[in-house]
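Just below is one structure, and these are the notes that go with it.
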Amino acid sequence: MTRLSQRDWVAAGFRALASKGPQALKAEPLARDLKTTKGSFYWHFKDVPTFQAAMITFWEEKATGEIITLLDALPTPDSKLRTLSQIATEPQGTHGGIGAEPAIRAWAKSDQNVAPAVRRVDAARLTQLSAIFADMKLTNPDLPRLFYAGLIGLQEIADGDDGASAAPLATLTDLMIALSETD
C-alpha cells in the first residue's frame, strides 16, 4: 500500500471541492475517495480546518507566486499574456481541473477563512495583468480588469469542460495584443 502524502490529500480535496463542493472537504469522505482510513488524514492534518487552510495556501502559491515567477521570466508582454491565457485554460490534472477555481470562489462566498485568500489572489493577478498591459502600452486601467473578468467568467461557465475556455480566451488575448499594436 502506498503511503499518502499531504499533497495527495490536498489534491483529493481539490477534486472533491470541484465535483461535490465544500461540504465534501471532510476526513471521512476524502478517505473513502482515496480508499484509505481517516487515520491517514489525521496523520497529516490536526483537523479539518487545518487541512482546508493547507488547501488554500497551496492554491494561493500556485495561483500567484509560481505563475508570476514564470511570467516574469518571459521576454515580451505578448508572450506573457499568451502564456497566462494558456495556463488559465489548461487542465490542472489532479487538483480539480478547470472547475477548481470556480469552486474556490463559490466556497469563499460561504467561508470567511477562504474569502481573504481569493481577494489576495485577485489583487496579485490584477497587479500582474496591469504590469503586462502597461508594458503593451495599453494604459486604460479598465483593460486588465476586463481581461481578468473574461478569464474568470469563462472558467465559471465552462461547467467542468476543461477545453471550453481555451479558444475564447485565446481570442480575447489576440484582441488585446492587436489593440496594443495599433497604438
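At a threshold of 8 angstrom on Cα-Cα distance, excluding pairs fewer than six apart, so keeping six or more, what relative contact order does the chain reach in percent?
25
How would Ser85, Ser5 rank on accessible area, largest to smallest, probe 1.4 Å?
Ranking Ser85, Ser5 by accessible area, largest first, yields Ser5, Ser85.
Residue farthest toward the positive end of the dipole of the stretch 15-62, with Cβ of Lys/Arg at +1 and Asp/Glu at -1: which of Thr36, Pro22, Thr57?
The listed residue farthest towards the positive side: Thr36.
Helix 166-181 versus the longest principal axis of the chain: what is the Cα-based angle in degrees, 0 to 90, to the nearest 10?
30
Only Cα pairs under 8 Å and at least 6 apart count here; give the relative contact order of the stretch 7-114 as a rounded whole percent.
39
(i) 15.9; (ii) 12.0; (iii) 10.8: which one is mean projected area of the Cα convex hull in nm² as calculated from this entry?
(iii)
Need the list of aspartates and glutamates near Lys38 for cross-linking: C-alpha distance under 16 angstrom, and skip anything on the same chain fewer than eight residues off.
Asp8, Glu28, Asp47
Between the helical axis of 142-157 and the dominant principal axis of the chain, each derived from Cα atoms, what acute angle in degrees is found, rounded to the nearest 10?
Helix 142-157 sits at roughly 40 degrees to that axis.
If you put +1 on each Lys and Arg Cβ and -1 on each Asp and Glu Cβ, how big is the dipole of the stretch 1-148 around its Cα centre, in Debye rounded to 20?
Using Cβ point charges on Lys, Arg, Asp and Glu, the stretch 1-148 gives about 420 debye.
Probe of 1.4 angstrom, ligands and nucleic acids ignored: what's the accessible area per residue over the chain, in square angstrom?
53
For a quick check, take a GNM of the chain with Cα springs below 10 Å and name the residue from Ala18, Ala31, Ala103 with the largest mean-square fluctuation.
Of Ala18, Ala31, Ala103, the Gaussian network model singles out Ala31 as fluctuating most.
The values are calculated or read from the model by the stated rules, or taken from the named source; none is laboratory data. If you're wondering where the values come from, they're calculated on a predicted model, not measured in any experiment. Cβ coordinates were reconstructed from backbone atoms using ideal geometry, including for glycine residues, and neighbour counts include every protein chain displayed. These area figures cover heavy atoms from the full protein model, side chains too; ligands, DNA and RNA do not enter into them. Shrake-Rupley method; radii C 1.70, N 1.55, O 1.52, S 1.80 Å.
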